[in-house]
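Structure record follows, encoded as structure tokens.
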Amino acid sequence: MRKLLFALCGFVLMSGLAAAAEVTLVNFDKELKEVTVKEGDEQKVYRVTDATKFYGVDPEGKAREMTYDDAVKGLGSDKSKNRLKFNVTVKGEEIVEARFAAKKRK
């Protein structure tokens, strides 16, 4: 029982280290794998790593994993700058997870 309690406490503490927020894309640097976003009134720069997960979430709330290349198409588009809103979960200065709005698949 004590082990279960310690495991639960550890899980709660670790989940607090990652922060989630809705952000607006300002710029994406494909070479450096850096995403500049606007969170509220301030701009922040986060890094995309090999461990970063990308998801497309349809209107019903079903998430489907995306590849890095698919995510770069949206992030690197000129139409996306200052318009694309998405949710990110960050740990330090690295993006752990990014969730984009997607259309429903037929």
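The values are calculated or read from the model by the stated rules, or taken from the named source; none is laboratory data. Worth saying up front: this structure is predicted, and the values here are computed from it rather than measured. Every residue, glycine as well, gets a Cβ built from its backbone with ideal geometry; the counts of neighbours run over all protein chains shown.
Brief remarks follow.
- Test for Val57: is it among the β-branched types (Val, Ile, Thr) and within 11 Å of the chain's Cα centre (by Cα): no
- Boolean, Lys91 is touching an Asp or Glu at 6+ places or on another chain (Cβ under 9 Å) and either of a type in the set (Val, Ile, Thr) or touching a residue at least 12 places away in the same chain (Cβ under 8 Å) (or both): no
- Any chance Thr49 is of a type in the set (Ser, Thr, Tyr), under 21 Å from Glu94 (Cβ atoms), modelled with pLDDT of 90 or more and in contact with a Lys or Arg (Cβ under 9 Å, 6 or more places away or on another chain): yes
- Among the residues of segment 77-95, those that are out of contact with any helix residue (DSSP H, G or I) (no Cβ under 7 Å at 6 or more places or on another chain) and over 13 Å from Phe54 (Cβ atoms) comprise Ser77, Asp78, Lys79, Lys81, Asn82, Arg83, Lys85, Val90, Lys91, Gly92, Glu93, Glu94.
- Qualifying residue in segment 41-55 (condition: in a strand (DSSP E or B) and loosely packed, with under 10 Cβ neighbours inside 10 Å): yes
- Within segment 63-106, being part of a strand (DSSP E or B), surrounded by 13 or more Cβ atoms within 10 Å (Cβ to Cβ) and over 12 Å from the mean Cα position of the chain (by Cα) holds for one residue alone: Ala63.
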